[in-house]
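Read the figures in this text as sums done on the coordinates, not as results from a lab. It should be emphasised that the depicted structure is a prediction, and the values quoted were computed from it without experimental measurement. Quick reminder, even Gly has a Cβ in these numbers, built from the backbone with ideal geometry, and neighbours come from all protein chains shown.
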Amino acid sequence: MPVAEVSGAGIAGLTAAVLLARRGWKVRVHERSPELRASGNGITIFENGIRVLEALDLAPDVVSHGHQLNRFVICRNTGETVIEYDPQEATGGRIVMFQRQEIVDLLSRAALAAGARISLASRVVGADPQGALLLEGGERLEADLVIGADGIHSNVRRSVAGDLTLGKHRKGAIRMLIPTDASDFPDGNLYMAREFNHPNGRRVGILPCSTTVSYMILVSLRSDTPAHAVPIDPSLWEDSFPTLGRFFARVGTRGHYDAYHSISPPSWHFGRCALVGDAAHGMTPALGQGACSSMMTAYALGSANFETAALDTVLSRWEAGIRPLIDFTQKFAEGITEGRLDPNNEVFFADPSLRPILEADIPRQAREQASEHA
């Protein structure tokens, strides 16, 4: 029975764990926190990510836990509508909102049901490319495959690829979940997402995750120091977005500020170690594709044809097959963040050049490749 040690019980690590465990691998996932707790915000899953969830037999959960949007509206800071999109027409598929904790809970249950183990409060300090995960305290866990899914500041990546410089970008954001009701939305449409853009670089997104909870993101330039403060100053944000005072007033102490970073290591695999998710391709959230990209790379890895060739060959095929698509997405998101593309955030995901990523069907490709090798 092949053994996989996975660092990080986030979306990428759990996705890979589900697939490998179902294929008969002995899988252990290491999470440094004492509990599986996702940061308190929402998450946008496009059709490319929904296909992964459905391929993991989570289709009923997508319906029961997800909140499918039927409109996406881009507005000026004064509240005036600039453009409206039908998500299906604009992207070629569904856009479903979740609370991030729900996705982690669904994937962790699927991983445990498949036979994977999840070790909490297990602190990974590095990896040996010869095939071992290194824990705090000196413990060395031998494995046929080590997976680094431990985020943008990955210890696994640092130990196998060296100290790479993180990309720093001109923006950051405060994220939070806030209570909402039907009166917050035009015509009481609780399936409508809205974004408001100010010429000073500030942006507000309000995306319902259910009929009672919305994900709010407050974006600002790094140089806009007052806008980084948590708890937020409601009057500061209302000065920029006068129609959104009711939302700012209910934030209270919620929220956490993060500056935008990215990473693009020269390779996603080193010996018996593979990197997935933000450890491999952390990107700015301008396209909402971080989670979807993580699920796709992890799904492609977990479904790779390990039985058909040496591990280095299998990992090389995996990376060559999906990395160009993810690299394109990362660069496009960076271009929006830096103002080179869509400076007013009015085209967003409706740009036709984004269809290859938004319509990607990684599970279908994996089935086709497995059939070819069979």
Roughly how many debye, to the nearest 20, is the charge dipole of the chain about its Cα centre, given +1 on each Lys and Arg Cβ, -1 on each Asp and Glu Cβ, and no other charges? 560 debye
Please give the length that would be gained between residue 307 and residue 1 if that part of the chain were fully extended, namely 0.36 nm times their separation in residues minus their C-alpha to C-alpha distance (nm, one decimal). 109.0 nm
Full-extension gain in nm, residue 355 to residue 142, via 0.36 nm per residue minus C-alpha separation: 72.6 nm
Label-reachable residues, region 123-157, where backbone N falls under 19 Å from a point 7 Å from residue 168's Cα toward its Cβ: 152-154
Loop only by DSSP, 13 or fewer other Cβ within 10 Å of the Cβ. Give me the GluC sites (Glu not before Pro) in region 1-82 that pass, ordered by residue number. 35, 80
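Per 0.36 nm of contour for each residue apart, how much would the distance between residue 338 and residue 246 grow if the chain were fully extended, relative to their Cα-Cα spacing? Present the calculation step by step, with values, prior to reporting the outcome.
On the way: separation 92, 0.36 × 92 = 33.12 nm, distance 2.98 nm.
Stretched fully, the residue 338-residue 246 segment lengthens by 30.1 nm.
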Separation between the residue 109 and residue 33 pseudo-spin-labels, each 7 Å from Cα along Cα→Cβ, expressed in nm? 1.8 nm
Under a cut-off of 28 Å between alpha-carbon atoms, report the lysines in cross-link reach of residue 331, not counting same-chain residues fewer than 8 places apart. 168, 171
Can you work out the FRET efficiency for the pair residue 70 and residue 364, with r the C-beta to C-beta distance and R0 = 22 Å, to the nearest 0.05? 0.30
Highest mean first, how do 216-226, 10-20 rank when packing is the count of other Cβ atoms within 10 Å averaged over residues? 10-20, 216-226
